[in-house]
Amino acid sequence: MLADKRITLIIGGGIAAYKSLDLIRQLRRAGAQVTPVLTRAGAEFVTPLSVAALAEVRVFQDLFDLKDETEMGHIQLSRASDLLVVAPATANLMARMAAGLADDLASTLLLATDKPVLIAPAMNVRMWDHPATQRNLAQVQADGVQVVGPNTGDMACGEHGPGRMAEPAEIVAAIAAQFGPRQMTGKRVLVTSGPTHEPIDPVRYIANRSSGAQGSAIAGALRDLGADVVFVTGPAHVPAPDGVQVIRVETAREMLDASLAALPADAAICAAAVADWRVKAEFTQKMKKGAQGVPVLEFSENPDILATLSTHALRPALVVGFAAETEQVVSHAIAKRARKGCDWIVANDVSHGTGIMGGTENAVHLITADASEDWPRLPKSEVAKRLAQRIAEALA
Ligand code: CTP
């Protein structure tokens, strides 16, 4: 399964380090070559000797080991593999990765590498839930790092919750997925994302609460499957993913133009929260308070990008819309699918109490021509992965 794949395995300092010994065994059984790197804290949990015995190669431990620098420098070591895996990835190691520190061999390799990186976090549940760790997680993911686990369960410290390192077999599967066939190679996908801003005058605009998180995650998940992604985004709060073509727009009309310019495409995913209306005559000067009293704004309707793409001569083979609803979510979404002429609708309840709009989780219903599926509430990144997988299957 992993024949001749070269894996650099960084073992951090956590009780889960003992599982990394089994991970080395499983990786080698799958045909991989493992170059182990043991952090100073990692060496408190497993010995260099046991790691070396299982990997059947020497263990790298110290940045300032001159013998290593003459035989193989740290830059070379950081690139002499197909994938870097960090297991266990401790809260401290994740923080150092997020900050871009290079203060030991492991962090230096992670900063110097040009290869993909996969981490298997493991820590106490409160450390995992801490906003600092979640911030660091979001940062390393935004930097393109893949994450497997952690799992939920009883922990060595006696607490229960998320924080257990993924099992070695799960880590091997995640590693194999990195090398697996990328189903969307050669497919071009348009993703619209974020809110639009509709100007009132040079300093004021109409906007909505969309953060762009779901659209960004979808673009990233499609990229991970090998798709060539054109990401047309309004002014979002989250960064655009790496490795996609980013086109930044402000208004619905600009978003339509950029979307049409991206055609032909195999699929279009309209995740943007497009303003339905714009101010009919945008004021060229800042509106002033005064004797004329409170302004009355007149609106005109914006173009519907999803409906335009759905009926276009260059219509993508698969057109997916979103439905942001606050009541009768599924029935409104079914009607919306028909009205817009798209293939699927991803419907979600954006009522105030759900915390979905602008939040990190989503609970969606996937409406297709003949079914309505209720997906569980999941992180937006997970919704994105599932949706990307379905898109890949539909285009296969
Ligand atoms: N959409 C679009 N262009 C617009 C408005 C919406 O492309 N001018 C797309 C959105 O990206 C989303 C879908 O249409 O994929 C539905 O958006 P939503 O705001 O839920 O629907 P509306 O068209 O505004 O319909 P309604 O007013 O009935 O909610």
Checklist outcome for this item: D374 meets each of (1) loosely packed, with under 14 Cβ neighbours inside 10 Å; (2) touching a strand residue (DSSP E or B) at 6+ places or on another chain (Cβ under 6 Å); (3) closer than 22 Å to D224 by Cβ; (4) of a type outside the set (S, T, N, Q) with one exception, condition (3)
Item to check | Test for L263: is it more than 23 Å from the chain's Cα centre (by Cα) and either outside any loop (DSSP other than H, G, I, E, B) or under 22 Å from R337 (Cβ atoms) (or both) | outcome: yes
Next on the checklist: Residue under question is I175, and the condition is that it be in a helix (DSSP H, G or I) and either of a type in the set (V, I, T) or exposed (fewer than 15 other Cβ atoms within 10 Å of the Cβ) (or both); does it hold?
Outcome noted: yes
Item to check | Those residues of segment 358-395 which are over 18 Å from A219 (Cα atoms) and out of contact with any Phe, Trp or Tyr (no Cβ under 6 Å at 6 or more places or on another chain), in sequence order | outcome: A363, H365, I367, A369, D370, A371, S372, E373, D374, W375, P376, R377
Checklist entry - For segment 226-255, which residues satisfy the criterion of being surrounded by 21 or more Cβ atoms within 10 Å (Cβ to Cβ) and in a helix (DSSP H, G or I)? => result A252, M255
Checklist entry - Quick one: D143 ticks every box in (1) acidic (D, E); (2) in contact with a Lys or Arg (Cβ under 8 Å, 6 or more places away or on another chain); (3) surrounded by fewer than 21 Cβ atoms within 10 Å (Cβ to Cβ) bar one, so which box is it? => result (2)
Next on the checklist: Any residue that is part of a helix (DSSP H, G or I) and within 27 Å of the chain's Cα centre (by Cα) - is there at least one of those in segment 39-50?
Outcome noted: no
Checklist entry - Applying the selection to segment 330-386, what residues are under 25 Å from the mean Cα position of the chain (by Cα), in a loop (DSSP other than H, G, I, E, B) and away from the ligand (no atom under 16 Å from the Cβ)? => result G355, G359, T360, W375, P376, R377
Checklist entry - Is there a residue being touching a helix residue (DSSP H, G or I) at 6+ places or on another chain (Cβ under 9 Å) and at pLDDT below 95 anywhere in segment 183-197? => result yes
Checklist entry - Of the residues I119, I75, which single one is in the same structural domain as G158 (by TED's automatic domain parsing), buried (at least 21 other Cβ atoms within 10 Å of the Cβ), of a type in the set (A, V, I, L, M) and without any contact (Cβ under 8 Å) to a residue 60 or more places away in the chain? => result I119
Item to check | Residue in segment 283-321 that is nearest to H197 (Cα to Cα), counting only those that are in contact with a Ser or Thr (Cβ under 9 Å, 6 or more places away or on another chain) and assigned to a helix (DSSP H, G or I) | outcome: I305
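The values are calculated or read from the model by the stated rules, or taken from the named source; none is laboratory data. Please read these numbers as outputs of a predicted model, since none were measured by experiment. Using ideal geometry, Cβ is built from the backbone for each residue, glycine included, and neighbour counts are taken over all protein chains shown.
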